[in-house]
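Presented below is the structure to which this report refers.
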Amino acid sequence: MAYRSTERVKARLSASRERIVDAALGILAEHGYAGCSVAAVAERAGVATGSVYRHFPAKADLFAEVFRTASQREVDAVTRAAARQAGAAARVRAVIETFSGRALQSPRLAYALLAEPVDPAVEAQRLAFRRAHATLIAGYVADGVASGELPPQDPELTSTAVVGALAEAMVGPLAAGVAGPDTIGGLTTFIHRALGVSP
């Protein structure tokens, strides 16, 4: 009986933690990192402020988890899109289109994930987010070089540059509110040229 009680408590705590993270994600998407407060997260999650701190001792801890969750969703989305394609050029195009398309659909969240000033613990998650995308792209570039689809190049260096180009090309237009479908096409052309994709 004590075992069942312990399992119920764990499940309740886990559900409470998920509600808090989901609430924080919603606020982040609407107002960015600067617009989030622990009190606002608690109110949206339907819990006391103390409950938030029980799960996350500091705001930075909460938003490190929020960034980790949001970043993983983005990485999963581009991975799924690329997996449906054949060949390096098509897979990289799928990454660009998915990454940029999702940023255009949720510009405030994209800006928060890519460039908004954040605490060091959150910045560490941002770097992990970029590394995850770079690792994914590096695999596609290496496959393309091995198959002869792409010219010889350093996949790690190339993929890091591609991720930097993706982030930088989206941040300015997102902040200015001028990003659109043409942004994606131009970015794809630029990155394909940089990779040495045959026209």
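The values are calculated or read from the model by the stated rules, or taken from the named source; none is laboratory data. Please read these numbers as outputs of a predicted model, since none were measured by experiment. Because the Cβ atoms are built from the backbone with ideal geometry, glycine has one as well, and the counts that use them run over all protein chains shown. Side chains are part of the model used for accessible areas, which takes the heavy atoms of the whole protein and leaves out ligands, DNA and RNA. Shrake-Rupley method; radii C 1.70, N 1.55, O 1.52, S 1.80 Å.
Based on what the data block shows, is residue 45 under 30 Å from residue 104 (Cβ atoms) and over 17 Å from the mean Cα position of the chain (by Cα)?
Answer is yes for this residue.
Restricting attention to the range 33-57, which residues are within 27 Å of residue 132 (Cβ to Cβ), touching a residue at least 12 places away in the same chain (Cβ under 8 Å) and either part of a loop (DSSP other than H, G, I, E, B) or among the aromatic types (Phe, Trp, Tyr) (or both)?
Once the filter is applied, which keeps residues that are within 27 Å of residue 132 (Cβ to Cβ), touching a residue at least 12 places away in the same chain (Cβ under 8 Å) and either part of a loop (DSSP other than H, G, I, E, B) or among the aromatic types (Phe, Trp, Tyr) (or both), the range 33-57 yields 33, 34, 36, 56.
In the range 78-92, which residue that is outside any helix (DSSP H, G or I) and surrounded by 11 or more Cβ atoms within 10 Å (Cβ to Cβ) is nearest to the chain's Cα centre (by Cα)?
85
May I ask you to verify whether residue 133 is of a type outside the set (Val, Ile, Thr), in a helix (DSSP H, G or I) and under 16 Å from residue 87 (Cα atoms)?
When the stated conditions are applied, residue 133 does not pass them.
Quick one: would you say residue 121 is under 15 Å from the mean Cα position of the chain (by Cα) and either modelled with pLDDT under 90 or polar (S, T, N, Q) (or both)?
Here the answer is no, as residue 121 does not meet what is asked.
Report every pair of residues separated by at least 6 positions or lying on different chains whose Cβ atoms are under 6 Å apart, first residue within the range 156-168 and part of a helix (DSSP H, G or I) and open to solvent by less than 20 Å² (accessible area, probe 1.4 Å), second at pLDDT below 90 and among the aliphatic types (A, V, I, L, M).
167/114
Residues being over 17 Å from the mean Cα position of the chain (by Cα) and acidic (Asp, Glu): count how many of those fall in the range 56-77.
Of the residues in the range 56-77, 1 are over 17 Å from the mean Cα position of the chain (by Cα) and acidic (Asp, Glu).
Among the numbered conditions (1) farther than 24 Å from residue 153 by Cβ; (2) open to solvent by 40 Å² or more (accessible area, probe 1.4 Å), tell me where residue 41 comes up short.
(2)
Can we say residue 138 is within 20 Å of residue 164 (Cβ to Cβ), out of contact with any Leu (no Cβ under 7 Å at 6 or more places or on another chain) and not β-branched (Val, Ile, Thr)?
Taking the combined requirement at face value, the residue satisfies it.
Between a residue in the range 103-119 that is surrounded by fewer than 21 Cβ atoms within 10 Å (Cβ to Cβ) and any residue that is part of a helix (DSSP H, G or I) and polar (S, T, N, Q), which pairs come within a Cβ distance under 9 Å, given they are 6 or more apart or on different chains?
Filtered contacts from the range 103-119: 104/183; 118/125.
Please indicate, with yes or no, whether at least one residue in the range 126-133 is over 24 Å from residue 184 (Cβ atoms), open to solvent by 40 Å² or more (accessible area, probe 1.4 Å) and not charged (D, E, K, R).
Step one: filter the range 126-133 for residues over 24 Å from residue 184 (Cβ atoms), giving 127-128.
Retained after the next criterion (residues that are open to solvent by 40 Å² or more (accessible area, probe 1.4 Å)): 127.
Right, trim to not charged (D, E, K, R) and you get 127.
Yes, the conditions are met somewhere in the range 126-133.
Checking the structure you have, find out if any residue of the range 3-10 is more than 24 Å from residue 163 (Cβ to Cβ), surrounded by 17 or more Cβ atoms within 10 Å (Cβ to Cβ), at pLDDT below 90 and not acidic (Asp, Glu).
No.
Going residue by residue through the range 18-25, is there one that turns out to be touching a His at 6+ places or on another chain (Cβ under 9 Å) and either surrounded by 19 or more Cβ atoms within 10 Å (Cβ to Cβ) or at pLDDT 85 or above (or both)?
Looking through the range 18-25, at least one residue is touching a His at 6+ places or on another chain (Cβ under 9 Å) and either surrounded by 19 or more Cβ atoms within 10 Å (Cβ to Cβ) or at pLDDT 85 or above (or both).
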